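Chemist: Supplied in structure tokens, the structure appears directly below.
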């Protein structure tokens, strides 16, 4: 007895959605790219096996869904990396201290 391909496709799409929204994001860049590729492949294969439209449309829909999932995973990775960090310059003279020589500071004659 075999599992029908639409059910396998639904399982692949559900697993890809879990990778996108639920499972933890890896902070290592190489492993994160590997899981991005796995997510894209699961979306493409899942939509292909569900076979709702013609073959070319299935591939296009799978690739678009996979690329959107990769963008969402990258946003989650960015949020995980910069959690608790503040991006600002704390010194109050920073904006003009870099141009000190241009605004008439010490001059060499």
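The values are calculated or read from the model by the stated rules, or taken from the named source; none is laboratory data. Everything numeric here is computed off the predicted structure, so don't read it as measured data. Ideal geometry is used to build each Cβ from the backbone, glycine not excepted, and the neighbour counts take in all protein chains shown.
Chemist: Given the criterion part of a helix (DSSP H, G or I) and either surrounded by fewer than 16 Cβ atoms within 10 Å (Cβ to Cβ) or under 13 Å from the mean Cα position of the chain (by Cα) (or both), identify the matching residue among 27, 33. Lay out the reasoning, then the answer.
Modeler: On the way: 27 fails: part of a helix (DSSP H, G or I).
Of the residues listed, the single one that is part of a helix (DSSP H, G or I) and either surrounded by fewer than 16 Cβ atoms within 10 Å (Cβ to Cβ) or under 13 Å from the mean Cα position of the chain (by Cα) (or both) is 33.
Chemist: Another question, then. Of 40, 15, which residue is surrounded by 11 or more Cβ atoms within 10 Å (Cβ to Cβ) and within 15 Å of the chain's Cα centre (by Cα)?
Modeler: Every option except 40 fails the conditions.
Chemist: Oh, and also: Where the second residue is buried (at least 18 other Cβ atoms within 10 Å of the Cβ) and modelled with pLDDT of 95 or more and the first is at positive phi and lies in segment 30-52, which pairs have Cβ atoms under 9 Å and are six or more apart or on separate chains?
Modeler: Partner pairs satisfying both residue conditions: 51/9; 51/58.
Chemist: So which residues in segment 53-73 are under 11 Å from the mean Cα position of the chain (by Cα) and either touching a residue at least 12 places away in the same chain (Cβ under 8 Å) or not in a helix (DSSP H, G or I) (or both)?
Modeler: 66, 67, 69, 70, 72, 73
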